[in-house]
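Written out below as structure tokens is the structure these notes cover.
The values are calculated or read from the model by the stated rules, or taken from the named source; none is laboratory data. Keep in mind the model is a prediction, meaning the values are calculated, not measured. Counting neighbours? That spans all protein chains shown, and the Cβs are built from the backbone with ideal geometry, glycine included. Accessible surface areas use protein heavy atoms only, side chains included; no ligands, DNA or RNA. Shrake-Rupley method; radii C 1.70, N 1.55, O 1.52, S 1.80 Å.
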Amino acid sequence: MNALAATNRNFKLASRLLGLDSKLEKSLLIPFREIKVECTIPKDDGTLQSYIGFRVQHDNARGPMKGGIRYHPEVDPDEVNALAQLMTWKTAVANIPYGGAKGGIGCNPSELSISELERLTRVFTQKIHDLIGTHMDVPAPDMGTGPQTMAWILDEYSKFHGYSPAVVTGKPIDLGGSLGRDAATGRGVLFATEALLNENGKSISGQRFVIQGFGNVGSWAAQLIDEKGGKIVAVSDITGAIKNKKGIDIPSLLKYTKENKGVKGFHGADSIDSNSILLEDCDVLIPAALGGVINRENANEIKAKFIVEAANHPTDPDADEILKKKGVVILPDIYANSGGVTVSYFEWVQNIQGFMWDEEKVNNELKNYMTKGFKDVKDMCKTHECDLRMGAFSLGVNRVARATVLRGWEA
């Protein structure tokens with residue numbers, strides 16, 4: 001099942017749980033606006049090349065729309081729609097005043113020079129500058145983009161609208177980016193995991209963790225869990241997978257991956273098959289890479305008691321059912337990986353106030369939001385007698401539905 005079908009399915013189930021009428025349900029699903037633009041730039045060799053840029057703005061009932069911009073050769077409109085919709089529910093679960101959006105450009109960033117990427121980003125911004133803004137739609141980095149991309153968007157947007165640091169988040173610190181943003185999603189995963197384990201009478205210390213994916217989110221989660229006394233017994237990334245029953249030395253692994261661009265060949269652990277990483281014996285499994293990795297083929301063999309979804313949509317609905325029967329507790333992506341967008345919100349707040357916070361304040365506020373978020377999800381689970389995924393979805397959908405009705409927008 002693709003991301004859009006799964007997101008729609010979860011929305012429909014949550015909607016039924018809440019007893020929403022069909023008109024309201026329909027109006028909540030339809031995107032506010034879909035934008036498609038042609039971006040033509042001169043390449044470094046003087047030839048002209050055209051790319052398609054797009055932005056799906058899903059919902060703005062609770063505030064400006066928020067979501068990433070990705071540069072990737074295969075940008076699937078269905079997936080972008082699903083991710084924009086997911087951002088609407090995610091920001092509502094986190095209780096930050098945003099709606100959802102997603103966008104990008106169909107290109108292969110590895111085949112473009114820095115100056116070509118800059119020209120492409122600036123042309124894209126020129127095409128959509130009237131449709132984004134501090135109180136309208138606030139983009140952020142995603143696959144294939146980063147702080148530099150955001151700096152170019154900020155500069156190009158400011159030519160039309162005056163200096164506007166809050167138009168994008170995930171900026172370089174020197175242009176109004178927030179301290180703590182780099183670690184935010186991984187740190188949010190730590191706080192989410194802590195809340196889940198505390199609820200079950202356990203703590204991070206002494207638990208065995210497996211982390212699939214060792215990019216930004218996975219590596220930060222590993223580092224922070226390790227500092228709290230968690231034992232990380234297996235890790236994988238695109239280069240391979242490694243395992244050490246006694247616990248991997250995470251500071252050494254972080255140093256090794258910086259120098260060697262991956263975990264493969266790390267001496268403090270044994271190499272294992274990447275496909276078996278999810279089936280390793282552990283207490284907490286953290287998928288932090290791609291979607292759809294836990295499916296009906298492998299769900300029966302998963303040994304973890306808890307799954308914390310740091311990636312978007314790592315568990316497909318078939319696997320959900322199998323794992324539920326086995327008694328595995330799944331902390332859903334819509335809550336577990338919301339640390340990144342929460343700190344993006346803090347960045348936006350700091351930019352609007354023109355007053356920057358120190359890193360300790362950012363981290364403390366993030367902990368407050370994640371802890372409160374878990375309590376809100378649990379309360380919804382008790383009210384509707386459902387699992388954490390449905391609790392989170394119904395919490396998000398309910399908040400958006402209430403804002404829609406209060407604004408007089410229901411059909």
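Computed quantities for the displayed model
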{"read-out": "Cβ-placed point charges (K, R +1; D, E -1), dipole of segment 1-146 about Cα centre in debye, nearest 20", "value": "660"}
{"read-out": "Coordinate range along principal axes, alpha carbons of the chain, Å, largest first", "value": "56, 54, 42"}
{"read-out": "Top positive-direction residue, dipole computed over the chain with Cβ charges, set Q207, Y51, A101", "value": "Q207"}
{"read-out": "Relative packing of peptides 104-112, 64-72 - highest average C-beta neighbours within 10 Å first", "value": "64-72, 104-112"}
{"read-out": "Simple Cβ-charge dipole of segment 244-319, Lys/Arg +1 and Asp/Glu -1, about Cα centre, in debye nearest 20", "value": "360"}
{"read-out": "Unit charges at the beta carbon, dipole of the chain: most positive-side option, A310, Y71, T239", "value": "A310"}
{"read-out": "Relative contact order, percent, segment 149-243 [alpha-carbon distance under 8 Å, six or more residues apart]", "value": "21"}
{"read-out": "Relative contact order of the chain, pairs being alpha-carbon contacts under 8 Å that are 6 or more residues apart, as %", "value": "17"}
{"read-out": "Of the trypsin sites (Lys or Arg not before Pro) in segment 216-260, those whose Cβ has at most 16 other Cβ within 10 Å and which sit in DSSP loop", "value": "K228, K245, K246"}
{"read-out": "Nearby aspartates and glutamates by direct alpha-carbon distance to K159 (threshold 18 angstrom, same-chain neighbours under 8 apart not counted)", "value": "E118, D130, D137"}
{"read-out": "Close Lys-Lys pairs in segment 356-411, where close means Cα under 17 Å and separation is 8 or more or interchain", "value": "4"}
{"read-out": "Among T40, T371, T121: highest mean-square fluctuation, GNM of the chain, C-alpha pairs under 10 Å", "value": "T40"}
{"read-out": "Segment 289-408, relative contact order in percent, only Cα pairs under 8 angstrom and at least six apart counted", "value": "21"}
{"read-out": "Qualifying lysines (Cα of each under 22 Å from Cα of K26; at least 8 residues distant if same chain)", "value": "K12, K66, K90, K102"}
{"read-out": "Carbon/sulfur fraction of accessible area - the chain, other protein chains in place, 1.4 Å, %", "value": "51"}
{"read-out": "Rounded to 5, the percent of DSSP beta bridges in segment 1-120 classed as antiparallel", "value": "70"}
{"read-out": "Ellipsoid equivalent to segment 22-129 - semi-axes via the Cα gyration tensor, in Å", "value": "31, 13, 11"}
{"read-out": "Value of [θ]222 nm, deg cm²/dmol, for the chain, DSSP H segments ≥ 4, -39500 (n - 2.57) each, nearest 500", "value": "-14500 deg cm²/dmol"}
{"read-out": "Alpha-carbon centroids, segment 122-171 and segment 1-71: separation in whole Å", "value": "17"}
{"read-out": "Residues of type lysines that K255 reaches as a straight line, Cα spacing below 24 Å, ignoring anything fewer than 8 places off in the same chain", "value": "K228, K231, K243, K245, K246, K264"}
{"read-out": "Loop GluC sites (Glu not before Pro), segment 243-306 (other Cβ atoms within 10 Å of the site Cβ: 15 or fewer; DSSP)", "value": "E297"}
{"read-out": "Equivalent ellipsoid dimensions for segment 317-402 as semi-axes, Å, which come from the Cα gyration tensor, largest first", "value": "30, 14, 11"}
{"read-out": "Heavy-atom surface of the chain, accessible at 1.4 Å and reported per residue (Å²)", "value": "42"}
